[in-house]
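The values are calculated or read from the model by the stated rules, or taken from the named source; none is laboratory data. What you see is a predicted model; the values in this text were computed from it and never measured. So basically every Cβ, Gly included, is an ideal-geometry build from the backbone, and we count neighbours across all protein chains shown.
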Amino acid sequence: MTTFPWLSVLVAAPLVGAIVVMLLPKGADKLAKQVGLVLSVLVFALTIVMALRFDAGTAGDFQFGVAYDWIPAFGVKFALGVDGISLVLIALSTSLVPIVLLAGWKDVDGSRGSVRGYIALILTLEAAMVGVFAATDVFLFYVFFEAMLVPVYFLIGRYGGARRSYAAMKFLLYSLFGGLLMLASLIGLYVVSAQITGTGTFDFSTLAGLSIDPTTQRWLFVGFFVAFAIKAPLVPFHTWLPDAAAESTPGTAVLLVGVLDKVGTFGMLRYCLELFPDASRWATPLVIVLAVIGIIYGALVAIGQTDIKRLIAYTSVSHFGFIALGVFVMTSQGQSGSSLYMVNHGFSTAALFLIAGFLISRRGSSLIADFGGVQKVAPILAGTFLVAGLSSLALPGLSSFVSEFLVLVGTFERYTWVGVIATLGIVLAAIYVLLMYQRTMTGPTPDVVREKVFDLSGREVLAIAPLLVVIVALGFYPKPVLDVVNPAVARVMHAVNATDPPPQVAPVAEGTAK
Amino acid sequence: MSTFSGALTHAADVAPAAVAASGLFSLTWLLIGFPLAGAAVLLLWGRRSDKWGHWLGVLASAASFVVAVVLFFGMLGQADDSRTVRQHLFDWIAVGTFNVPFDLRLDQLSITFVLLITGVGTLIHIYSVGYMSHDPERRKFFGYLNLFVASMLLLVLADNFLLLYVGWEGVGLASYLLIGFWFVKQSAAVASKKAFIVNRVGDLGLSLAVMLMFITFGSVTFDGVFAQAGSASESSLTWIGLALLLGACGKSAQFPLQSWLLDAMEGPTPVSALIHAATMVTAGVYLIVRSNAIFNAAPTAQTVVVIVGAITLLMGAIIGCAKDDIKKALAGSTMSQIGYMILAAGLGPVGYAFAIFHLVVHGFFKADMFLGAGSVMHAMNDQVGMRRFGTIRSWMIVTWITFGAGYLAILGIPPFAGFYSKDRIIEAAFSRGIVVGLVTVIGAGITAFYMTRLFVMTFHGKKRWTDDVHPHESPSIMVVPMAILAVLSALGGFLLAYNNAIFEWLAPVTGFEEPHLAISSLGMEGISLVVVIAGAALGWFLYDRRPVAEIAPAGNFLTRAARADLYGDAVNEAVFMRPGQYLTRSLVWVDQRVVDGAVNGVAATIGGLSGRARRMQTGFTRSYALSMLGGAALVVAALVLVRL
Amino acid sequence: MNPSNYLYLSAVLFAIGALGVLVRRNAIVVFMCVELMLNACNLAFVSFSRVHGNLDGQVIAFFVMVVAASEVVVGLAIIMTIFRTRRSASVDEANLLKY
């Protein structure tokens, strides 16, 4: 049992599921949904079992590793393995897929594309998402990184809203542009590894152990970083996100913003920092400035939005600013906070997008001005939306607070004034969430809303409830995630040769150690 | 006052180290557990709990009160230095050196708050059963109230600043939900949002304070911070103190973050009584008193605290003079009274205990008066305009008596409660300096004026209400809590201050010093009593002897300014809201036109160039043939050239 | 043997063919000019085969012939179809395949 290839199965199972779904007869929409849901639940269960067998004590090492030769001529291996950070991100991905399928049960009925195709695309995407987080071979990572684009392109372009082809094309071009730069750096990395060790390799651990000349590092770093900055997205590479999120179905938006974008920040933490430590330190001031601009700018633009989905997308731009900030301040609080933030943001944005999706599909419009007084006619919908919104504004007691505060503390330790500016983001967050809530949910209920909007069905509650439970639970007890993330962060900190700055006053042992 | 003269001077800058909770004190978590469970059941169980939900809410709060009383007596049985207990529940956040346990701390200060919150809270729960009996959403109301009680208890029981922050925003959330309880009214929805956002500005201060503490001390627990407060640099401590003050200003509606409190009166009256008078808005005072070790070592921050308190004290009092809405007049009064507490808290060890004492007493009499106001509104078809009240005493004699007790208490007429608490603050203020002292005395005079105005306009004078209003006394479920609070307003001050009991009790946490005065405290009390009586007489003369206009007269400049909340909202609107709106709109434009425009521009340029380039495909076979030939010739020429 | 004359002839033939392709409109004539160019090449191949004294050039010439034959089969068929649909074999008029 110890040699059970957990990760290979996690990658392969959704792919097999996608093929099975496509082989179903043409009219079997319901069966396709059921197969997809059951399979994704099984995959999630498998992830949980794997996570329970994960050894938190050595979470800094890659566990459940497998490696098969793939293209021996270039030293490319099909190599998978997880450390603490990728474990929690895989868990995030596999947990969101069944929720998305359940919540979007009727989203694609009667749309242009077939239901079977939708389910199959989502399962394919799941496989690529697991793969991208689990890859320990940089080339394999790149392949999964690009492979994610294909299902998402079709999910937006075929099942999306009115401007879907524009949005899908924009998303694809942006991502491909970043991907190409990364490919160039990847090849450069291979050549450099061949120069240093004699045989070229794509193995992550080997590459991370190389000491590359700082100038070369910078060039290679830029290629990786731009790809990740587009994916994350950091200002000013963000404008594809609002379009893509607004035009896709809620489920696609959840996977896109909740998981796919995390590959960007995950990549910064894992690949930029560990492969190019000198270059990362060199770029830190620039990245921090971009991140802080992202936090404030994203929030301000979100306040000015008139469309619910675009508003949520811009809040994510702000949140990704926080995540990138935490990664690059090079403190353990910042990086653990960012890792936790990736998970928390996944859940809270998922809840926001899904509930907004329920609301929009009922009313048939996504303009904030078309709503009002929904709380009167749909109290459960309004209540869940409020909780999701409060999680987005990082209310203490909900999960995002822990991560946001860790990021801010981590920033404060090294760059106090940057921390002060970033903290302004919490006021802006309150404004964009509550303004949207006030305009859509409170006040007198217009007749058209009264006629069209009704409360959540049992299925919808079932899809949302787990998200809200996790949001509250991780707010009060983030320990399970932090315990596996911390050792992995320690490894990254070691790689970039950074240590936490000590406090101004040496702590009294009796005071802090309880 | 001679009865209090005892040689009391504790130098308790550093609170005694906490002992681990055991035995009786391991019940501490139940204080929060009961109302939290109540809130969870009421909010998650939905309509199924409509029938009995309100009683569950009362029960949860009452159970918490019982536990609090038991714990209090348990503490009384302990020696003075082992009364601080810490209950470790679990490890909350641990990353690197950032270690935050989920610990509760029970000491003299927190148990005082716990008793106030659960005691007054339970009374207001009971009152609400009657007050909200016609509201279809009553169950939800009690769910929110329980959530509030749980958060507030977490705030005062937390053993570190980050956990305190959780309670701090938790009460903000409950306040948001309750102000916006009648969310169908646009004004209520806007007021609740405003309250939350203004509070968030304050929370920003608290966040910064916590982070500054961490980078200064490497810890955010009370023990970890306070034990080393002396060894940090004064500038660090000043910054921490100012950040804490910003937090306190937000929560306690102090200048410059005062604007939300008056709007918060959109909420149901029991909410105004519990949250926006007795408990939540005093959290800022708690924060400053709790952080006394920091403020004691940061005199600049203390001075700012005193200034903020003094400004708000006068602002609130002036606003209270001009409001015709009974709840808003009371809200102005709340601002003003909390100004007193903040001012006292800024005075250092000489004022901490008085601030807390006044806070407790204020909790009694202000809750009493708000409930009284609710009772009047209940009788007057939910009207709030005092110009349409008058002579209600004859119909609502019990409300008149209970409100009267609160009225005399806030004026500080002996032996009512405010007399003991307010005069101690005035004494302490004079020991700081003559200006600060004068502000407090003038504030007391204005307080007497506007409270008298409020009292006589509501209960005395001539009938000014329309004929469709039929005043009647409230049901006993509302009257009984009012009566209990009236008794507390009348006797609470004397009982608590008897033999300096409450000061001695708090001294190990807050420290305590007798104020040193140039004149005897008896003379001091005489002066303030004269000022108070003068203010009250003026109010009585203007609003009882002379007829009250049913439509508010235009008034002079000061009146108009006070009616407009001294232009606090206007300033906010001009300085933050409008430029903010302009900024967000222009950024949206920039984002669409400039950032996205650049992207789309690149795409359009490439598209245009390709459009030009494809014109080369003319469709004429012979021109293709020519270009092929030309290409071949070029290749040959190149080869030849290279050879050469 | 002096191959120059053969090569000159080959070059002249090639030039005539190329010129024919460029100036003539009739598809059949263009086609024949292409054949002329191919045969010019064949002549050059065979000449060099003779010069080098091995069979490589002749083998290639056979390849070219085979390709030319198959080209004729496909090309003529296309020209026939164009003529049938448009009543003209002018290459200038068959210009639909453009931007």
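Only one of these conditions is not met by B:F255: (1) assigned to a helix (DSSP H, G or I); (2) surrounded by fewer than 23 Cβ atoms within 10 Å (Cβ to Cβ); (3) in contact (Cβ under 8 Å) with a residue 60 or more places away in the chain. Which number is it?
(1)
Just give me the residues in the stretch B:46-105 being within 14 Å of chain A (Cβ to nearest Cβ) and of a type in the set (V, I, T), in sequence order.
Those that are within 14 Å of chain A (Cβ to nearest Cβ) and of a type in the set (V, I, T): B:T84, B:V85, B:I93, B:V95, B:T97, B:V100.
Within the stretch B:34-66, which residues are in a helix (DSSP H, G or I) and of a type in the set (K, R)? Please lay out each step first, then the result.
The initial filter retains those residues of the stretch B:34-66 that are in a helix (DSSP H, G or I), namely B:34-44, B:46-49, B:53-66.
Across the stretch B:34-66, the qualifying residues are B:R47, B:R48.
Quick one: which helices (runs of 4 or more DSSP H) sit completely within the stretch A:457-514 and have at least 3 residues that are within 8 Å of chain B (Cβ to nearest Cβ) and modelled with pLDDT under 90?
Those helices (runs of 4 or more DSSP H) span A:509-512.
Taking the criterion of being of a type in the set (A, V, I, L, M, F, W, C) and within 11 Å of chain B (Cβ to nearest Cβ), would at least one residue in the stretch A:436-449 satisfy it?
Yes: the stretch A:436-449 contains one or more residues that are of a type in the set (A, V, I, L, M, F, W, C) and within 11 Å of chain B (Cβ to nearest Cβ).
Residues are listed down the side, and each one gets a yes or a no for (1) of a type in the set (K, R); (2) buried (at least 24 other Cβ atoms within 10 Å of the Cβ):
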{"site": "B:W92", "(1), (2)": "no, no"}
{"site": "B:P101", "(1), (2)": "no, no"}
{"site": "B:Q108", "(1), (2)": "no, no"}
{"site": "B:V156", "(1), (2)": "no, yes"}
{"site": "B:V171", "(1), (2)": "no, yes"}
{"site": "B:L178", "(1), (2)": "no, yes"}
{"site": "B:K185", "(1), (2)": "yes, no"}
{"site": "B:V190", "(1), (2)": "no, no"}
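Taking the condition free of Cβ contacts under 8 Å to residues at least 40 places away in the same chain, in a helix (DSSP H, G or I), of a type in the set (S, T, Y) and closer than 18 Å to A:A394 by Cβ, does B:Y176 pass?
Here the answer is yes, as B:Y176 does meet what is asked.
Scan the stretch B:453-484 for residues that are surrounded by 14 or more Cβ atoms within 10 Å (Cβ to Cβ) and closer than 18 Å to B:S128 by Cα and jot them down.
B:E473, B:S474, B:P475, B:I477, B:M478, B:V479, B:V480, B:P481, B:M482, B:A483, B:I484
Being at the interface with chain A (Cβ under 7 Å from one of its Cβ atoms) and β-branched (V, I, T) is the filter here, so list the residues in the stretch B:191-245 that pass it.
Those that are at the interface with chain A (Cβ under 7 Å from one of its Cβ atoms) and β-branched (V, I, T): B:I197, B:V201, B:I215, B:T216, B:T221.
I need a count of the residues in the stretch B:67-108 that are free of Cβ contacts under 8 Å to residues at least 60 places away in the same chain and part of a loop (DSSP other than H, G, I, E, B). Let's see the steps before the verdict.
Kept after step one, since they are free of Cβ contacts under 8 Å to residues at least 60 places away in the same chain, are these residues of the stretch B:67-108: B:67-79, B:90-91, B:94-96.
This time we only want the ones that are part of a loop (DSSP other than H, G, I, E, B), so: B:77-79, B:96.
So the answer is 4.
Hey, among the residues in the stretch B:198-228 that are under 13 Å from the mean Cα position of the chain (by Cα) and of a type in the set (V, I, T), which one's surrounded by the most Cβ atoms within 10 Å (Cβ to Cβ)?
The extreme case among them is B:V198.
Does A:A394 fit the bill of being under 20 Å from B:Y144 (Cα atoms) and surrounded by 23 or more Cβ atoms within 10 Å (Cβ to Cβ)?
For A:A394, the condition - under 20 Å from B:Y144 (Cα atoms) and surrounded by 23 or more Cβ atoms within 10 Å (Cβ to Cβ) - is met.
Would you mention how many residues in the stretch C:1-21 are in a helix (DSSP H, G or I) and either surrounded by fewer than 15 Cβ atoms within 10 Å (Cβ to Cβ) or touching a residue at least 60 places away in the same chain (Cβ under 8 Å) (or both)?
Result for the stretch C:1-21: 9.
What's the total number of residues in the stretch A:283-322 that are of a type outside the set (K, R) and within 19 Å of A:A245 (Cα to Cα)?
25
If you go through the stretch C:41-58 one residue at a time, do you hit one that is within 19 Å of the chain's Cα centre (by Cα) and under 17 Å from C:G20 (Cα atoms)?
yes
Restricted to the stretch A:358-414, and to residues that are of a type in the set (G, A, S) and within 19 Å of the chain's Cα centre (by Cα), which residue is farthest from B:L43 (Cα to Cα)?
Per the stated criteria, the residue is A:S403.
Which residues, taken from the stretch B:539-556, are assigned to a helix (DSSP H, G or I) and under 15 Å from B:G320 (Cα atoms)? Even if it seems obvious, please write down each step before you answer.
Within the stretch B:539-556, the subset assigned to a helix (DSSP H, G or I) is B:539-545.
Answer for the stretch B:539-556, where residues must be assigned to a helix (DSSP H, G or I) and under 15 Å from B:G320 (Cα atoms): B:G539, B:Y543.
When the residues of the stretch B:602-631 are narrowed to those that are polar (S, T, N, Q) and part of a loop (DSSP other than H, G, I, E, B), which ends up nearest to C:D92 (Cα to Cα)?
Only one residue fits best here, namely B:T618.
Would you tally the residues in the stretch A:78-95 being touching an Asp or Glu at 6+ places or on another chain (Cβ under 9 Å) and either closer than 20 Å to A:M342 by Cβ or surrounded by fewer than 21 Cβ atoms within 10 Å (Cβ to Cβ) (or both)? Explain how you work it out, then say what you get.
First pass over the stretch A:78-95, keeping only residues touching an Asp or Glu at 6+ places or on another chain (Cβ under 9 Å): A:78-81, A:83-84, A:93-94.
So of that shortlist, the ones also either closer than 20 Å to A:M342 by Cβ or surrounded by fewer than 21 Cβ atoms within 10 Å (Cβ to Cβ) (or both) come out as A:78, A:80-81, A:83-84, A:93-94.
Qualifying residue count, the stretch A:78-95: 7.
Exactly one of these conditions fails for A:F412: (1) in a helix (DSSP H, G or I); (2) within 12 Å of chain B (Cβ to nearest Cβ); (3) touching a residue at least 12 places away in the same chain (Cβ under 8 Å). Give me its number.
Unmet for A:F412, out of (1) in a helix (DSSP H, G or I); (2) within 12 Å of chain B (Cβ to nearest Cβ); (3) touching a residue at least 12 places away in the same chain (Cβ under 8 Å): (3).
Can you give me the ranges of the helices (runs of 4 or more DSSP H) entirely in the stretch A:215-277 with at least 3 residues that are hydrophobic (A, V, I, L, M, F, W, C)? If you could, list the steps in order and put the result at the bottom.
Numbers: elements: A:240-247, A:250-253, A:261-267.
Fully inside the stretch A:215-277 and qualifying: A:240-247.
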